[in-house]
Amino acid sequence: MLVIYTGGTIGMLRNAETGALEPFDFDHLYRHLPVLESLRCRIDNYSFSPLIDSSDMNPDFWVSLAEVIEESYEKYDGFVVLHGTDTMAYTASVLSFMLENLNKPVILTGSQLPMGMIRSDGRENFITAVEIASAYEDDTPVVPEVAICFENKLLRGNRTTKFNAENFDAFFSGNYPPLAEIGIHIRFNRSFILKPNFRKLKVHKKLETGVMILKLFPGIQPSMVEAMFAIPGLRGIIMETFGSGNAPTHHSFLDALAKAIAKGILVYNVTQCKSGAVEQGLYQTSLRLGQIGVVSGGDITTEAALAKMMFLLGEGYSGEALKVQLTRPLRGEMSQEI
Ligand code: ASP
């Protein structure tokens, strides 16, 4: 196994002067986990420097993380990524797109309480993640995909959202069942896990950063939307709409959207709901969106939509080809083609 440490609460210590939690080194983390030595696998470590709180996560870091996996891919059977919980769902989503033909487990985990605290959830999460990343049958990994292991579930990475800032059960996958349930046994739901394709890993390292998220709310002003669309270098917007993909029908709002789309800015429709899908045309309030060229994201999460757009635009997709890619599942991030 290769354990990659990026930072996050799991390894943090409290700064004596400010009282705030700060990332700390690997040795500190391991001191609390002597049990790892009794697992039947060899564990090597890679630590980023500096370690970060995941609120500082960014596309350059994602590229470095993908490179660490690429460079050590042949040498290890699986990877565990220790990561802060705040943006873990974004990292899991983007890695799923960057790592094409992934045939080994990449399991992200972290914790809500630092490892040094008596009630920390970090120990269980870390040990279970290592067990899952090292689970092989007939020389084939059981989970050859990017997943998040947290509390009592293993979830497909690009289907997750952090939904609780306090509970140990912090991640949610509203549109896809758990890949495994973790109790006394680790019960894999094999029919939901991606199958290996045994092709050569291809790592995509270009991510477009000219994308933004626009969350709609009652009272949003067309001038606000126009100001956003006027941002230089903007290539795409993830528009978080109401319910099954609905938006205000006021003509000045729709005109602002239509103008931006005509200028070449991509607008990708995802729902603000944590479960369910966008269905443009189900209501009159979403019918016009489809007509002016807004692209439906179906049941994709906001995190996966952002990652997918950064990835596809970075790969140079545009026009119809881009729309086709956005409306079909590439790494199991959507339930069906739209
Ligand atoms: N702020 C921390 C982080 O995301 C929270 C955590 O790890 O749970 O890095």
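The numbers here are math on the coordinates, done by the rules we state, and not lab data. It should be emphasised that the depicted structure is a prediction, and the values quoted were computed from it without experimental measurement. Here the Cβ positions follow ideal geometry from the backbone for every residue, glycine too, while neighbour counts run over all protein chains shown.
Before moving on, here are some points about what is shown:
- Dividing the mean sequence gap of close Cα pairs (under 8 Å, 6+ apart) by how many residues segment 103-206 holds gives a relative contact order of 24 percent.
- Once the Cα atoms are used to define both axes, helix 88-98 deviates from the longest principal axis of the chain by about 80 degrees.
- Within the chain, DSSP assigns beta bridges of which about 40% are antiparallel (rounded to the nearest 5).
- Taken one residue at a time, the phi angles of segment 192-197 give Karplus couplings (6.51, -1.76, 1.60, θ = phi - 60°) of 9, 8, 4, 8, x, 10 Hz. Gly and Pro are set to x.
- Mean residue ellipticity at 222 nm, helices only, the chain: -8000 deg cm²/dmol; runs of at least 4 DSSP H residues each add -39,500 (n - 2.57), and the sum is divided by the number of residues.
- Pairwise centroid distance, computed over Cα atoms, of segment 163-186 with segment 299-338, Å: 24 Å
- Degrees separating the helix 59-72 axis from the principal Cα axis of the chain, which is the longest one: 40 degrees
- Percent RCO, i.e. relative contact order, over the chain, from Cα pairs under 8 Å lying at least 6 residues apart: 15 percent
- Cα gyration tensor shape of segment 1-131, rounded if a/c is under 1.5, else prolate or oblate by comparing a/b with b/c: oblate
- Whichever lysines have a C-alpha closer than 29 Å to that of residue 195, once near sequence neighbours (fewer than 8 apart) are set aside: 75, 104, 153, 162, 205, 206, 274, 308, 323
- Taking the average, over residues, of other Cβ atoms within 10 Å as the packing measure, peptides 306-317, 152-163 rank 152-163, 306-317 from highest down.
- Look at the alpha carbon pairs under 8 Å that are at least 6 residues apart: their mean separation over the length of segment 23-112 gives a relative contact order of 30 percent.
- Angle between the chain longest axis and helix 302-314 axis [Cα atoms, degrees, rounded to 10]: 80 degrees
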